[in-house]
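Accompanying notes for the structure given below.
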Amino acid sequence: MQISAKADYAVRSLVELAADSARPLTCESIASSQDIPFRFLKSVFRDLRREGLVRSQRGCEGGYWIARDPAAITVAEVMTAVDGELFTVRGERPDRLRHPGAAQGVADLWHHLATTAEARLRATTIADLASHPRPAQSGAAPAGAAPAGAAPVGAVPVTEPRDVEPHVGRQVPESAASV
């Protein structure tokens, strides 16, 4: 799986706008703070504005504002706004795949993976991402920092889906199922 740079930049930009909603932010300031190429970010904002996710204000006090409540904007919506379909296999939606014979389990796996990941992306909002504490800017670890090997500060907690079948599309021998 691969998340496009455009989707990554769009989500990061909206999180930046949500975290500092008191004033409009310029593309230059977002590009600088997020280490995103400025010219590329301009095209991302064109897509976001077209889809109603940001609004712009011209002039010396201008910039971009998040257009809606960040709690109502999902990561899936942002990714779809800039990339189109969330998941495809050779240009085909996973729920439409049909592989012949024994390989049908592969199509089932792609469909299950897409369904699980899409559910996570639809359940995560820009507000969720913007509300996580930011790590300290210096090289020193902040007081109360997590021990080495723990999830990084600001990481979105990930829980394992309970309905994931480890052997999608094939029968599991009883001897293997009891291990």
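The values are calculated or read from the model by the stated rules, or taken from the named source; none is laboratory data. What you see is a predicted model; the values in this text were computed from it and never measured. Every residue, glycine as well, gets a Cβ built from its backbone with ideal geometry; the counts of neighbours run over all protein chains shown. For the accessible areas, the whole protein counts, side chains as well, though only heavy atoms, and no ligand, DNA or RNA atoms are used. Shrake-Rupley method; radii C 1.70, N 1.55, O 1.52, S 1.80 Å.
Summary of values
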| item | result |
| --- | --- |
| Tail fraction, Cα-Cα pairs, the range 22-74, threshold 13 Å, whole percent | 60 percent |
| At R0 = 25 Å, FRET efficiency that the Cβ-Cβ distance of residue 113 and residue 71 yields, to 0.05 | 0.40 |
| P(r) weight above 23 Å for the range 8-101, C-alpha pairs, percent | 30 percent |
| Nitroxide proxy distance, nm - points 7 Å out along Cα→Cβ at residue 38 and residue 50 | 2.3 nm |
| Exposure ranking of 126, 66 by accessible area [1.4 Å probe, largest first] | 66, 126 |
